[in-house]
Amino acid sequence: MSIKIMAGIVGAVIFLIFIIYIYNKLVRLRFAVRNSWSDIDVHLKKRYELVPNLIEDVKGYAAHESETFTKITQLRTAAMNAQTPVEKARADNKLTETLKSIFAVAEAYPELKANEHFREIMANMKELDDNIEQARRYYNASVREYNIATSVFPTNIIASAFAFKPEEFFALGDAETERKPVKASFK
């Protein structure tokens, strides 16, 4: 066998190994993104399960807030039905904004704040919010790493050839909205 043929075979094998390595790297990164998304989803589901308990506790003290309770129930359903990270983030941000009004209502009722069940729900909500924040950071870091890998040369060529699409970040709400104070009305 000639040296040119041997070099061609070695070159083809090295190229094939290179493609397999990059493909496997992209698959691992994509699974890391999916796994980290499932962590967020688990925490959000736990949070959504607490919402009806929170509403029931507050209802007894602030019956005049029925419109808010209805809105929270609708937003909870929308958040639970959202499919993509972007849809889930938007729906959850709306739910969180509306829940802030419930927390403001609770401030006006010292006997509600003293209620053991309400305090337990609030502690669970706080813990879940912290867990969601940590899971969101991990997810976004996984998405960033995956998106960079699918965008840089030469990995982008292989990513494109095997249909690896960029993933979406799980973003918080509008920064301007996040800074606004909560408005609570007591009719």
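The values are calculated or read from the model by the stated rules, or taken from the named source; none is laboratory data. Fair warning: this is a prediction, and the values are worked out from it, not measured in the lab. When we count neighbours, we look across all protein chains shown, and the Cβ atoms used for this are built from the backbone with ideal geometry, even at glycine.
Could you tell me whether Arg28 is over 15 Å from Phe169 (Cα atoms), in contact (Cβ under 8 Å) with a residue 60 or more places away in the chain and part of a helix (DSSP H, G or I)? Criteria not met by Arg28. The single condition from (1) at negative phi; (2) aliphatic (A, V, I, L, M); (3) modelled with pLDDT of 90 or more that Ala163 fails is (1). Checked against the criterion of being among the polar types (S, T, N, Q), touching a residue at least 24 places away in the same chain (Cβ under 8 Å) and on the phi < 0 side of the Ramachandran plot, the candidates Thr96, Thr77 yield just one match: Thr96.
Entry remark, region 60-109: residues being modelled with pLDDT under 85 and either among the acidic types (Asp, Glu) or within 15 Å of the chain's Cα centre (by Cα) (or both) number 3 in total.
Looking across Ser38, Ser142, one residue alone is modelled with pLDDT of 90 or more, of a type in the set (Ser, Thr, Tyr), within 23 Å of Phe170 (Cβ to Cβ) and in contact with a helix residue (DSSP H, G or I) (Cβ under 8 Å, 6 or more places away or on another chain). It is Ser142. Condition check for Glu49 on (1) in contact (Cβ under 8 Å) with a residue 60 or more places away in the chain; (2) closer than 27 Å to Ala108 by Cα: one failure, at (1).
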